[in-house]
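No lab work stands behind these numbers, since they all come straight from the coordinates. As the structure is a computational prediction, the values presented were derived from the model and not from experiment. Cβ placement follows ideal geometry from the backbone for every residue including glycine, while neighbour counts extend to all protein chains displayed.
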Amino acid sequence: MLKNINEMHLYVTSRCNMNCSYCSDVIKRTNPSGNPFMDLDIGKKYVELIFSNSTRDRITIVFHGGEPTLQSLKWYQQLIEYIEFQARNHNKKVNLALQSNCMRISDEFIELFNKNKIIIGASLDGPPEINDLTRVNGEVALSNILRLQAINRLGGVICVITDKNCNDVETILRFFEKCGLNSLSFNIFYSVGEGNKLPPLSAKKIFEVYKTTYEYMRSTSGKGVKERSVSIMISKFLNPLSKEELLTNLNCYSPFCHAGIFNIICDTEGNLFPCGCSDVLKFKLGTIHSIDKQHYVNVLKMLHKKSEKYDKSCSSCFANSICSFSCPAFHEEDPITERNLCEATKIFYQFLEEEPREIITEIASGTEFYRGKQTH
Ligand code: SF4
Ligand code: SF4
C-alpha cells in the first residue's frame, strides 16, 4: 500500500493563528479532544513507517497545519535529524517543504529553513486590501513572503479565488508580477466545512478567472506570473496526456488524483489520511501503528470512485484532455462547484480552440508545465 508514496505530509499542529473565512479546517481545530501538537515520537514513527515501506528514491516531506510555525523549533530540529538518519538508512533523497500563512516567520525559523533547505509554500489572496477581505494582516504576510523570496526559500504562493476576489484577477496578477512573485496557484474555492458561509463560484465566474489569467499570460508571453491551473490546462490542450501518462502523473489535476496512492498525511495523533482535503473520519486509512490492507484499499476505492457521469459523459467529452475532474474529497459536500468547474472547463476549452495555436504554444513554453512536444 505504501510502496508508491513519494509525498508525505505532517500535520504538525491543528492550531492556527488566523481565522480565514473560507477555512474548512476550523471544526477540526476547535475539537477540544485532539492533541493540538504532534509529539516528536509520532513524527518519528510516521517517518520510519513511510521510509521503510516506500520504494521511491526521493520523498518529499511537507510540514503542514494548522499553522506549522506554531510548532517549536526544537521539535523541527530533532525530527529533521531523524529524517536525515532514516534517509541514510534507506538510501533515499529528501525534499523538505512547509506550507505557511507567513504571519510568524522569525529569524530563527529563517535560519532553520536555510540550514535544512526547506522550501516554503505561502498563502496570499492578492494585494493586502483584497487579501484582507477573506484573510487578515496581508501586509505582514506579504513582507514575510518577500523576505523568503529574497533568500530563495519561497516555493510558490497559493491564492484562493472566492466571490470576494474573483472580479479582481487581473489586479491580483499585476500585483504579484510587481512583487516579482511569479509562481502562483489560483485555487478555486470549494464551499465546504466552515467555508460554506461563502457561496460557490458560478461557472461563468470560474471561466472568467481562467480567461483573464490566460489573457494576462498572453500579454507577457508566459514570461511573467505563471499561474499553475491555467498553465497546466493549456499544456494539456496542446499535448493531451497519453493513457499511460494519465496513470503515472497522478496529481490534483488528473482524472484520478494522487491521494493515498503517491501522497499521504498524518495528523497530530498519528491517524493517516489520503491527503489534506480528505482528512475526515470516513477517509481514515489507519494509524501509524496499524494499517489494515483491505480497509486501506476500500477507503481509496470510495474516495476515487467516479460518478455515473464519468462513465457516461467524461470519456467522450471534448474537453476531457484539460479537465481536472474536481476534487473527490469535496464531491458530496459541494456538488455545485464540481458542476460549475465542469461547465467552466468546457467553455474554456472552446475559448482555447478559437485562439491561435502558436500563441498558446508561446505562453505554454514559458511555463514549467509544458513538455515541448511537437503539436499537431
Ligand atoms: S468537462 Fe465535465 S464532462 Fe468534460 S470531462 Fe470534465 S467533468 Fe467530464
Ligand atoms: S482528494 Fe482533492 S485535494 Fe486531495 S489529492 Fe485528490 S484532488 Fe487533490
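Gap in Å between the Cα centre of region 106-141 and the Cα centre of region 335-353?
That distance is 31 Å.
Rounded to the nearest Å, what's the spacing between the alpha carbon centres of region 185-207 and region 281-301? Just the number, please.
29 Å
How would you rank VAL62, VAL297, going from fewest to most other Cβ atoms within 10 Å of each one's own Cβ? Walk me through the numbers before you get to the answer.
On the way: VAL62 21, VAL297 13.
So the residues, fewest neighbours to most, are VAL297, VAL62.
Please give the helix 40-53 orientation as an angle from the longest Cα principal axis of the chain, in degrees from 0 to 90, rounded to the nearest 10.
Orientation of helix 40-53: about 60 degrees from the principal axis.
Sum up the charges of everything whose Cβ sits under 12 Å from the Cβ of PRO199, counting Lys and Arg as +1 and Asp and Glu as -1, but leave PRO199 out. Don't jump to the answer; show the numbers that get you there.
Working: positive: LYS164, LYS197, LYS205; negative: ASP163, ASP334.
Result for the neighbourhood of PRO199: +1.
With a 10 Å radius around each residue's Cβ, average the other Cβ atoms per peptide and rank 177-186, 285-294, highest first. Numbers along the way, then the final one.
Working: 177-186: 17.0, 285-294: 14.2.
The peptides rank, most packed first, as 177-186, 285-294.
With angles folded into 0 to 90 degrees, how steeply does helix 335-354 sit against the dominant principal axis of the chain? Use alpha carbons for both and round to 10.
For helix 335-354, the angle is close to 50 degrees.
How about region 280-376: which chymotrypsin sites (Phe, Trp or Tyr not before Pro) there are in a DSSP loop, with at most 11 other Cβ atoms within 10 Å of their Cβ? Don't skip to the end; give the middle numbers.
Values: sites: PHE283, TYR296, TYR310, PHE318, PHE325, PHE330, PHE348, TYR349, PHE351, PHE369, TYR370; in loops: PHE318, PHE325, PHE369, TYR370.
Sparse-neighbourhood loop chymotrypsin sites (Phe, Trp or Tyr not before Pro): PHE318.
Hey, which of these cross-link pairs are over 24 Å Cα-Cα: LYS197/LYS306; LYS3/LYS243; LYS243/LYS284; LYS3/LYS284; LYS243/LYS305; LYS197/LYS312?
Numbers: LYS197/LYS306 27 Å; LYS3/LYS243 22 Å; LYS243/LYS284 29 Å; LYS3/LYS284 18 Å; LYS243/LYS305 18 Å; LYS197/LYS312 33 Å.
The pairs that break the limit, which is 24 Å between Cα atoms, are LYS197/LYS306; LYS243/LYS284; LYS197/LYS312.
For region 248-262 and region 39-76, write down the distance between their C-alpha centroids in whole Å.
21 Å
What is the antiparallel percent of DSSP beta bridges lying wholly in the chain, to the nearest 5? Mind showing how you got there, number by number?
On the way: 5 of 36 bridges.
Taking every DSSP beta bridge with both residues in the chain, the antiparallel ones total about 15 percent.
With a sphere of radius 11 Å drawn around the Cβ of SER123, what net charge do the other residues whose Cβ falls strictly inside it have (Lys, Arg +1; Asp, Glu -1)?
Numbers: positive: ARG135; negative: GLU67, ASP125.
Neighbourhood net charge equals -1.
Rank by packing, highest mean first: peptides 70-81, 244-255, with packing defined as the count of other Cβ atoms within 10 Å averaged across residues.
On the way: 70-81: 16.2, 244-255: 14.6.
The packing order, highest mean first, is 70-81, 244-255.
Test of understanding: express the Cα radius of gyration of region 135-288 as a ratio to 2.2 N^0.38 Å, with N the residue count. It would help to have the intermediate numbers written out before the result.
On the way: Rg = 17.6 Å, N = 154, 2.2 N^0.38 = 14.9 Å.
Taking the Cα Rg and dividing by 2.2 N^0.38 Å, one obtains 1.18.
Which of the aspartates and glutamates could a cross-linker span from LYS115 if the Cα-Cα distance has to be under 18 Å and same-chain partners fewer than 8 positions apart are dropped?
Cα-Cα hits under 18 Å: GLU81, GLU84, ASP107.
Just the Cα atoms of the chain, one point each, no solvent: what log10 I(q)/I(0) does Debye give at q = 0.08, 0.10, 0.12 Å⁻¹?
Those come out to -0.40, -0.65, -0.97, one per q.
In the calculated pair distance distribution of region 1-154, what percentage of Cα-Cα distances lie above 19 Å? Mind dumping the intermediate values first?
On the way: 6618 of 11781 pairs.
Cα-Cα pairs of region 1-154 separated by over 19 Å account for 56 percent.
For helix 169-179, what angle does its Cα long axis make with the longest principal axis of the chain, in degrees from 0 to 90 and rounded to 10?
Helix 169-179 sits at roughly 60 degrees to that axis.
Just from its helices, what would the mean residue ellipticity at 222 nm be for the chain, if runs of 4 or more DSSP H residues each count -39500 (n - 2.57) and the sum is divided by every residue, rounded to the nearest 500 deg cm²/dmol? Provide the component values of the computation, followed by the final result.
Values: 14 runs with 153 residues, N = 376.
Theoretical 222 nm ellipticity from helices: -12500 deg cm²/dmol.
With the chain treated as a Gaussian network of Cα nodes joined by springs under 10 Å, which of MET302, MET217, MET38 yields the largest mean-square fluctuation?
Between MET302, MET217, MET38, it is MET302 that shows the largest mean-square fluctuation.
Could you work out the local net charge near PRO356, counting Lys and Arg as +1, Asp and Glu as -1, over the other residues with Cβ closer than 12 Å to its Cβ? Walk me through the intermediate numbers first.
On the way: positive: ARG218, ARG357; negative: GLU353, GLU354, GLU355, GLU358, GLU362.
Net charge around PRO356: -3.
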